[in-house]
Every structure is written in C-alpha cells, then in structure tokens.
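Note sheet for the following structure.
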Amino acid sequence: MNDPTDGPQGAPVAVFIEGILDGRVADGARLSEATRNLGTTGAGPFKLEVQGGRFTLLPVETMVAGASFDAAAQGRFLSALHDVLAAAVPGSVEANLRCRLVYADEVAETLFVVRGEQIEPLTRRRPATAADRGNVPAGQDATTLPFGLRRKEILWLAPVLLLLGVFFLWQGGWIDRVLTARAEDLARDTGAFGATLAFDVERSWGNYKVVLRRGADYPTTPSAIEAAKAAAKDDLVRTTAIGLVGDGRELFVQLLADDGKVLAETTADLRPLLASDTARVEATLPGQMGAATFRLSVTKAPRPQ
C-alpha cells in the first residue's frame, strides 16, 4: 500500500484487516466522520468506541471481498486514516492496525505505523501460497452438492435433521449419558492466557456452553499488549497467547479427559472483547462422560494417529 504502481494494478481477491487504533479524542464529530469515510473505502466497516475521552477504532469484519479495494480505494483508505489521526490529540495515538491483500499470485502485507502526525504504511510483498488462497471463501451460495441438492436446500433441511437427531438420541438414552459429567464439577484452565481471560461454563441440552470474558490482566491498549509481551520474555506460547488476545483472533476451547486427552474442541473469536469490558464470547462443546477439564489453548489438538 506504499505505492500502487509497485504491485498488481487490479483489485485483490480478498482483504484481511486486523488490529486496533487507539488514542484520545480531540474532535469527536470529525472523528466520527473519518470513521464513516474509512468504512466506505472498500475494506469493510469500522467500529468506533469512545470511553472517558479515549477512543478505540477496530474493523467490524476481519475479512471482506476485495473487488472494490483497488489502488485508488487503498489511497482513500490511507487518507481516511490520516483524518482519524487529525481528529485525535497529537501524540496520543497508538496502533497495531495491519492489512493483508490477497491477489491471484501475490500477497501484500501492510503494517500502519504512527510516526508523529502521520501514519506510514510499511508494506512487504510475497508470492501467494495455497494457505492464502484457502482462506478466501468461495462466493457461490448455490453450489450443487452431493445427491443433487443445493446449498440453500441443505440449509433448509438442517434444522429438520437436527430435530430428528435429538429425538433418536433421547430414545436411545444417549442424552442421559452426555449429562453424566456435570459442568460445575470440571476443572478450568486458562493455559498460557493466564489472567488475561476468564470463563464460565454451564450445561445446555447435553452440551457445555463456555462463556469467555476479559480477565483481570486483560490488556486494553496497544502499549499494554506490548508490555505484556515483554514481560513474557522467552515464553513463546505465552507471547502468542497475548498476541491472540490483543489482536482479537481465535483461540481453541478444549474439553480434556483425566489423562489429558482432548475429547472435544472448538474455536472462539475474541474480537468482541476488544470493544467492551462487558462483552462475552460463547463457545459450545459436546458433553462427555469422561470429561475432566476445560482448557483454553493457542494451538489445535493433534489428530489421533
């Protein structure tokens, strides 16, 4: 995003926006207008939170289609960021905002760095990998699926199939078995996340509903995030956990047996916690008779051999 003539001239296939921008409010009306303009440039809408004279700006969606985010739109995006900076108290703005543009054969990764009264985009380009392309969802909703059904038809049938499944589980006595392990009797481990996160668990129709919230040590500003990473020193897992919390990315919620075996696993998106200290994130795990511990993890459990 440094120089539009440096890379592909067309629009990217997808745009990934992550991180936050934080500072003190100087002109509230101008700040709101700059946020609205930022959301019309093609990189998706942004959410503005103002509390006690400070503001936090973060993307509503971390991935949007890139069809309207060509070189001209990228220029307007950078201009809108400068308008945000101009509406803040000088020297108060911190940011770890970054952007990844995925093209057919190339990826452009940009970090937006605040230098004085300017925001400087630092961009590196690299060849696109299969993983980059795999993260871009197909845009066709009516794709034909096996047995001649279409996606919309599958979505319509899903609730009916779910009800039938619950009925047969009840008839076979499986729900009683699922409810054997009481959620309140199981241990809880936040792992490398420590006190940055906390969570509660309750039973719900044979499942465990895990509700995550901010913990006592949750970092609320970019400088707090960097300080927490510095305190972690050489602990790579702890540093990674702080990065996931600070960026509002996904973590893994796991259900473990007594021997440490992972019985069930799901993901939880931490992005809502960035915006509010009252926000909650829910994740659901299937109930298990042999369950012993709920654990938060930065890594996915290995597949059984």
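The values are calculated or read from the model by the stated rules, or taken from the named source; none is laboratory data. Note that the coordinates shown come from a computational prediction; the quantities given were computed from them, not determined experimentally. FYI the Cβ positions are ideal-geometry reconstructions off the backbone, even for glycines, and counts take in every protein chain you see. In case anyone asks, the SASA skips ligands and DNA or RNA and just uses the protein heavy atoms, side chains included. Shrake-Rupley method; radii C 1.70, N 1.55, O 1.52, S 1.80 Å.
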### Message
For region 221-236, which positions are crowded, with 17+ Cβ neighbours inside 10 Å, of a type outside the set (A, V, I, L, M) and without any contact (Cβ under 8 Å) to a residue 60 or more places away in the chain?
### Response
K229
### Task
Would you be able to tell me the number of residues in region 63-93 that are over 22 Å from E106 (Cβ atoms) and open to solvent by 30 Å² or more (accessible area, probe 1.4 Å)?
7
### Message
Among the residues of region 11-39, what is the count of those that are of a type outside the set (A, V, I, L, M), closer than 26 Å to G116 by Cα and assigned to a loop (DSSP other than H, G, I, E, B)?
### Response
3
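Within region 187-196, which residues are of a type outside the set (D, E) and open to solvent by 60 Å² or more (accessible area, probe 1.4 Å)? Can you show your working first?
Here is the first cut: in region 187-196, the ones of a type outside the set (D, E) are 187-188, 190-196.
Matches in region 187-196: R188 only.
Return the only residue of L251, L263, L255 being open to solvent by 20 Å² or more (accessible area, probe 1.4 Å) and in a strand (DSSP E or B).
Working: L251 fails: open to solvent by 20 Å² or more (accessible area, probe 1.4 Å); L255 fails: open to solvent by 20 Å² or more (accessible area, probe 1.4 Å).
Of the residues listed, the single one that is open to solvent by 20 Å² or more (accessible area, probe 1.4 Å) and in a strand (DSSP E or B) is L263.
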### Query
Residue check, N207 against (1) in contact (Cβ under 8 Å) with a residue 60 or more places away in the chain; (2) under 19 Å from E94 (Cα atoms), all met but one. Which one?
(2)
### Task
Starting from residues that are polar (S, T, N, Q) and outside any loop (DSSP other than H, G, I, E, B), keep the ones in region 266-303 and report whichever is least open to solvent (accessible area, probe 1.4 Å).
S297
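Identify the residue in region 197-212 that is among the β-branched types (V, I, T) and out of contact with any helix residue (DSSP H, G or I) (no Cβ under 8 Å at 6 or more places or on another chain) and, among all such residues, is surrounded by the fewest Cβ atoms within 10 Å (Cβ to Cβ). Explain how you work it out, then say what you get.
Filtering region 197-212 for residues among the β-branched types (V, I, T) gives 201, 210-211.
After this cut, where a residue has to be out of contact with any helix residue (DSSP H, G or I) (no Cβ under 8 Å at 6 or more places or on another chain) as well, the list is 210-211.
Values: V210: 23, V211: 14.
Among them, the one singled out is V211.
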### Message
at pLDDT below 90, in a helix (DSSP H, G or I) and within 24 Å of the chain's Cα centre (by Cα): is that true of R177 in this structure?
### Response
no
